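Here the structure is laid out as structure tokens; the discussion comes afterwards.
Quick note: the coordinates plus some simple rules give every number you see, no bench work behind them. In this text, all values refer to a predicted model and were calculated from it rather than measured experimentally. Note that each Cβ is placed from the backbone with ideal geometry, even for glycine, and that neighbours are counted across all protein chains shown.
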Amino acid sequence: MLIQIMEMISRWAIPTIVLGIPLWGLIRGVKVYEAFVEGARQGLLTTVRITPYLIAMFVAIRVFRVAGGMDILLRLVSPLTGLLAIPPEVVPMFLIRPLSGSGALGMLGELMNTYGPDSLIGLTASVIQGSTETTFYVITVYFGAINIARIRHSLPIGLLADLVGFLAAVYTCTWLFRH
């Protein structure tokens, strides 16, 4: 019975939302079409405004990887990762994830192809992908979209949250799947 209810909700959720929101706006006296067009216009202007920041960020990430910066950084942190029992294969996910979601997703795909989705490395990388955020991307896009120049504590707190998510993912997966 519960499964049938869930299937019915799933089947009708999107049509209800797509029809319900404009209908609710009409009932409240909102000029729905005009509001939609204005929102689309603002979205396009925001996209144009943040595009240079995104391009700069993606170019910097690519240059760092191609120039061998990632390899050097991994060698530098390997004593610490060994001491903390962190699989070295997932460290690049931790380093790239705050910068680029698509870059981290590409690394996740590589780890899945190399080690398999059911391996400790594949499972850990998957949990890292879901437990961390693209902190620099979020700050660039969202703060840039509303013209915030001083990010104050947002970056350190975001990176701390990424570190906690990474360590929690590593140790949870190790505890759950290594035994």
Quick one: angle between helix 154-177 and the longest Cα principal axis of the chain, in degrees between 0 and 90, rounded to 10, please. 70 degrees
Just one of (i) 19.6; (ii) 18.7; (iii) 17.0 is Kirkwood radius over Cα pairs in Å as worked out from the coordinates here. Which one is it? (i)
With a Förster radius of 45 Å, plug the Cβ-Cβ distance of I21 and Y171 into 1/(1 + (r/R0)^6) and report the FRET value to the nearest 0.05. 0.60
Separation between the A161 and A60 pseudo-spin-labels, each 7 Å from Cα along Cα→Cβ, expressed in nm? 2.0 nm
222 nm [θ] for the chain, helices only, -39500 (n - 2.57) per DSSP H run of 4+, per residue, to 500? -25500 deg cm²/dmol
Could you give the length gained on full extension between V32 and S102, defined as 0.36 nm per residue of separation minus the Cα-Cα distance, in nm? 21.8 nm
About the Cα centre of segment 97-179, what is the dipole size in debye to 20, counting +1 per Lys and Arg Cβ and -1 per Asp and Glu Cβ, all else neutral? 260 debye
In whole angstrom, the spacing between the Cα centers of segment 149-165 and segment 70-126 equals 21 Å
